[in-house]
Each structure stands twice: as C-alpha cells, then as structure tokens.
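First comes the structure, then the notes that go with it.
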Amino acid sequence: MLEAIKTLIRSQKSCVLATAVDNRPYCSLMGYVAEEDCRHIYLLTRRDSRKYRNLVQNPSCSLLIDSRSRQEDRALAQALTIEGACTMVDDKSRAAAITARFNRTHPHLKGFCEDPDAVLLDVAVDCFLLLDGPHAAHFEAVR
C-alpha cells in the first residue's frame with residue numbers, strides 16, 4: 001500500500017495544509033514537492049503568514065492530498081491524510097536544491113520562491129492514512 005501512497009503524492013502538485021494554535025484550526029492551499037521516499041514534503045510560505053506563525057507555535061500539522069481533480073468517478077477518488085511535524089529548512093545548500101525543484105514543479109511560483117521573506121518548510125511525515133474510495137482505509141506509520 002505504501003507504493004500507492006507514494007504514487008498519489010507524486011501525481012499531484014497541491015495539498016491542503018492544516019495547522020492549529022490554541023485549538024483553532026487553519027487550512028491553506030499549498031504547492032509542494034516531496035522527497036523520492038515521500039517521508040519529507042516541502043512547502044513554501046511567507047514569514048508574515050498566519051500558517052507560518054501557527055507552525056512556529058505548534059509544529060504539528062496535517063496535509064491532505066487527493067485525486068478528485070483527475071477522477072471522474074468520485075467513488076474511485078483517493079484522499080491521503082499525512083500527519084507530521086514541520087521545521088524550517090535553514091541549510092542554504094539544501095534549501096537551494098529544494099527551491100530549484102520547486103521552480104521546476106511550480107514555474108508560476110518562481111518569483112515567490114525568490115522572495116526574501118519566503119520560508120521553505122519541511123514536513124517530516126509521521127504517518128499516512130489513505131482513503132481509497134468511500135470505504136477502504138489504509139494506515140501506514142512512518143516513524
């Protein structure tokens with residue numbers, strides 16, 4: 001089942017990021033890139049954003065990636081919930097390599113990637129929950 005999860009992650013380019021502070025949830029539509037093994041998913045935001053402030057206070061987060069945009073029969077759609085912890089990518093050479101991937105995957109975000117207030121986020125995956133249609137659920141712990 002892990003291969004089906006990786007296939008879904010690799011086939012999409014956007015996700016919903018859920019953060020929470022003081023029991024107040026907050027969701028954001030985000031572009032992402034993932035490591036080959038899908039254990040780290042990278043997002044980009046600004047330092048003055050609410051999601052960034054939330055993640056600084058509470059690094060626990062969740063991502064939702066789904067296939068409904070490419071699935072005419074909604075009964076066959078997949079939805080993947082990813083739980084993890086978020087840190088900021090501070091290493092300049094690592095950030096440059098990830099940003100280059102971001103630019104290739106999301107060319108419309110090139111200016112945003114180069115913004116001095118942009119922050120590269122690293123979601124280290126703890127677990128996956130794949131819903132395969134409305135009834136089949138598959139859980140995979142990573143850490």
Ser62 is checked against (1) closer than 18 Å to Cys38 by Cβ; (2) modelled with pLDDT under 95 and fails just one. What number does that condition carry? (2)
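Can you tell me how many residues within segment 106-118 are part of a helix (DSSP H, G or I) and surrounded by 15 or more Cβ atoms within 10 Å (Cβ to Cβ)? Please lay out each step first, then the result.
Within segment 106-118, the first condition is being part of a helix (DSSP H, G or I), and the residues that meet it are 107-113.
Narrowing the set further to residues that are surrounded by 15 or more Cβ atoms within 10 Å (Cβ to Cβ) leaves 109, 112-113.
Looking only at that region, the number is 3.
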Of the residues in segment 119-136, those that are part of a strand (DSSP E or B) and modelled with pLDDT under 90 come to Asp132, Ala136
Go through the residues of segment 108-130 one by one and say whether even a single one is closer than 22 Å to Leu64 by Cα and without any contact (Cβ under 8 Å) to a residue 12 or more places away in the chain. yes
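Within segment 19-53, restricting attention to residues that are assigned to a strand (DSSP E or B) and aromatic (Phe, Trp, Tyr), which residue is surrounded by the fewest Cβ atoms within 10 Å (Cβ to Cβ)? Before the answer, list the steps.
To start, the set of residues in segment 19-53 that are assigned to a strand (DSSP E or B) comprises 19-21, 24-34, 40-46.
Restricting the remaining residues to those that are aromatic (Phe, Trp, Tyr) gives 26, 32, 42.
Working: Tyr26: 15, Tyr32: 21, Tyr42: 22.
Residue satisfying both the conditions and the ranking: Tyr26.
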Taking segment 119-134 as the region of interest, how many residues are over 18 Å from Asn58 (Cα atoms) and either crowded, with 19+ Cβ neighbours inside 10 Å or aromatic (Phe, Trp, Tyr) (or both)? 2
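The values are calculated or read from the model by the stated rules, or taken from the named source; none is laboratory data. Note that the structure is a prediction, hence the values are computed from the model and not measured. So basically every Cβ, Gly included, is an ideal-geometry build from the backbone, and we count neighbours across all protein chains shown.
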